[in-house]
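Here the structure is laid out as structure tokens; the discussion comes afterwards.
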Amino acid sequence: MEPLEPAAPDVTPPQASPPVPTPYEFDAEQSKLIAGLGELMRDVGAFVVLIGVLHGVVGGLLTVAQRRSGLVFLVQAVVAILIGLWTRSAGEHFQRITTTAGADMQHLMNALAELRRIYSLQRTLILVALILVGILLIFALVAGPSWRPPPP
């Protein structure tokens with residue numbers, strides 16, 4: 001029998017921890033551009049919210065005072081207010097990029113998330129509108145001229 005050799009000790013080098021990324025900071029020129037964009041977005045967002053509120057008032061007045069359906073105005077009000085609030089929020093996140101240190105990427109990602117909400121809503125509304133137009137076209141083709149009002 002051969003003598004057993006002692007097992008070699010495990011001398012694997014310790015695993016190096018992954019490098020910690022340093023926070024990205026935009027330079028002065030980039031910050032100026034981003035701050036200007038943020039300010040414009042906040043102003044436009046506030047204006048769109050105001051338009052939404054006015055649509056809501058008109059829709060409410062049509063519904064209550066004149067006994068007409070103000071549903072279209074009320075839907076427009078909700079959409080405008082949402083888009084306005086999300087635009088303002090994105091603008092605020094863009095401005096925070098220029099007024100804080102160490103969190104530029106987080107503020108940028110938050111701003112992009114708000115913009116994504118806006119465009120997701122708009123895409124959904126466009127798809128709904130296209131579906132409704134398609135349904136109306138099919139109805140018009142199937143019903144033929146019988147759906148038209150009689151001539152005066």
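The values are calculated or read from the model by the stated rules, or taken from the named source; none is laboratory data. Being a predicted model, the structure only gives us computed values, none of them experimental. When we count neighbours, we look across all protein chains shown, and the Cβ atoms used for this are built from the backbone with ideal geometry, even at glycine.
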- Query: Are any residues in the range 92-141 in contact with a Leu (Cβ under 7 Å, 6 or more places away or on another chain) and within 20 Å of Glu39 (Cβ to Cβ), and if so, which ones?
  - Reply: Phe94, Ile97
- Query: Mind checking which residues of the range 76-103 are surrounded by fewer than 18 Cβ atoms within 10 Å (Cβ to Cβ) and among the β-branched types (Val, Ile, Thr)?
  - Reply: Val78, Val79, Thr99, Thr100
- Spot the failing condition for Arg88; the list is (1) modelled with pLDDT under 95; (2) of a type in the set (Lys, Arg); (3) closer than 15 Å to Arg42 by Cα, and only one is missed. (1)
- Filter pass, Arg67 being closer than 25 Å to Thr124 by Cα, basic (Lys, Arg) and out of contact with any Phe, Trp or Tyr (no Cβ under 9 Å at 6 or more places or on another chain): no
- Message: Condition check: in a loop (DSSP other than H, G, I, E, B), out of contact with any strand residue (DSSP E or B) (no Cβ under 6 Å at 6 or more places or on another chain) and not small (Gly, Ala, Ser). Does Gln66 satisfy that?
- Response: yes
- Message: Take the conditions under 11 Å from Phe94 (Cβ atoms) and of a type in the set (A, V, I, L, M) and apply them to Leu50. Does it pass?
- Response: no
- Please indicate, with yes or no, whether at least one residue in the range 93-104 is over 30 Å from Phe26 (Cβ atoms) and in a helix (DSSP H, G or I). no
- Pick from Val53, Val75: which is assigned to a helix (DSSP H, G or I) and in contact (Cβ under 8 Å) with a residue 24 or more places away in the chain? Val53
- Would you please list the contacts, defined by Cβ atoms under 8 Å and residues six or more apart or on different chains, that run from a residue in the range 16-43 that is at positive phi to a residue that is modelled with pLDDT under 95 and of a type in the set (S, T, N, Q)? none
- Task: Search the range 103-126 for residues that are closer than 13 Å to Met41 by Cβ and pair each with any residue that is part of a helix (DSSP H, G or I) and polar (S, T, N, Q) when their beta-carbon atoms are under 7 Å apart and the residues are at least 6 apart or on different chains.
- Result: Glu114/Ser89; Ile118/Thr87
- Item | Enumeration of residues in the range 104-139 that are surrounded by 15 or more Cβ atoms within 10 Å (Cβ to Cβ) and farther than 14 Å from Val79 by Cα | Asp104, His107, Leu108, Asn110, Ala111, Glu114, Leu115
- Message: Being without any contact (Cβ under 8 Å) to a residue 12 or more places away in the chain and in a helix (DSSP H, G or I) is true for just one of Ala80, Ala140. Which residue is that?
- Response: Ala140
